[in-house]
Amino acid sequence: MPDQPDDIYQDFPFVSLETVDSTNNYALHLVHAGLAQHGTAVFTHEQTAGKGQRQKTWHATAGENILMSLLLRPEGLSIADQPALNAAVALGTYDFFSLYAGDDTSIKWPNDLYWQDRKAVGILVENIISTGTEGGGAWKWAVAGIGVNINQTNFGDFNRRPVSLRQITGRSYDLITLARELRHCVLKQYDALQKDGTAAILALYNQRLYKLHEKVKLKKDNRVFETEIRGVGADGRLTVFHGIEETFAHGEVEWIID
């Protein structure tokens, strides 16, 4: 097991549940009930209605994976900084997973983690923004839902070629211990965002980007095209190049992975 620093976040609340519909839903309930604290983790052994990106569901065998949401208060950040916070969450998760899985770990835009060409982690960040009386808004909370494949080895007919830490390393892991380590890594990157600013976080995010400066296939509507990944901008858009430069928002294109 990799050496871990002392957990400076160990006194933050850590809620452990046997089962829940969605850890993000539970965390959002804490916000709406006035019970939210920055750095709170909501962990469950079983999730009956887990959320994925683009209204998809997140499927995981009960008791075999990290299913966790973190409550983050985006103090000092504007609504326009949401891509940077998403990047900080992805970087913290990368730091955690790569400690065990090694350098074949990368961040697939916008928030998935891949090991080689296989999906290991899914991240969904939901935001609570209050609407001002004159049409403006304030960013109150971010809820980062993170699903990490840990001990699961049978994924059935799941079509994204998933991989777990156990499949990579040949070892089984204690989920609570690893969930606390994951929280530490994410909060550390969140603190780095607060200290170093959005540009530094986005630069590091791009260094960890899956297929950076490599050719990939993307699909937009009915068009499949080969292009080179150039990076992600401060607005969260993916920049690619294939004779011309194009940028895409999340949801506009689909990866085609052979």
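The values are calculated or read from the model by the stated rules, or taken from the named source; none is laboratory data. Just so it is clear, the model here is predicted, and its values are computed rather than measured. Neighbour counts run over all protein chains shown; Cβ positions are idealised from the backbone, glycine included. Note: accessible area is taken over every heavy atom of the protein model, side chains too, but ligands, DNA and RNA are not part of it. Shrake-Rupley method; radii C 1.70, N 1.55, O 1.52, S 1.80 Å.
Structure summary
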read-out	value
Label-point separation in nm, F248 to A200, each point 7 Å along Cα→Cβ	3.2
Cα-Cα P(r), the chain, percent of pairs per 10 Å interval	7, 31, 37, 21, 4, 0
Heavy-atom accessible surface of segment 16-131: percent carbon and sulfur, 1.4 Å	46
Normalised convex hull volume, segment 31-126, alpha-carbon set, Å³ per residue	131
Mean residue ellipticity (222 nm) of the chain, computed from DSSP H runs ≥ 4 via -39,500 (n - 2.57), nearest 500	-8500 deg cm²/dmol
Solvent-accessible area per residue, Å², over the chain with all protein chains present [probe radius 1.4 Å]	48
Segment 128-239 - percent relative contact order, Cα under 8 Å, separation 6 or more	12
Solvent-accessible area, 1.4 Å probe, carbon plus sulfur percent, for segment 132-258	44
Approximate spin-label separation T239-S130, in nm, with each point projected 7 Å along Cα-to-Cβ	3.7
Top of F43, F96, F12 by mean-square fluctuation, Gaussian network on the chain, Cα under 10 Å	F12
Span-rule helices in the chain, defined as complete DSSP H runs reaching 15 Å or more along the axis (Cα) with Kyte mean at least 0.0	82-101
Candidate aspartates and glutamates - alpha carbon under 12 Å from K140, same-chain residues fewer than 8 apart omitted	E75, E126
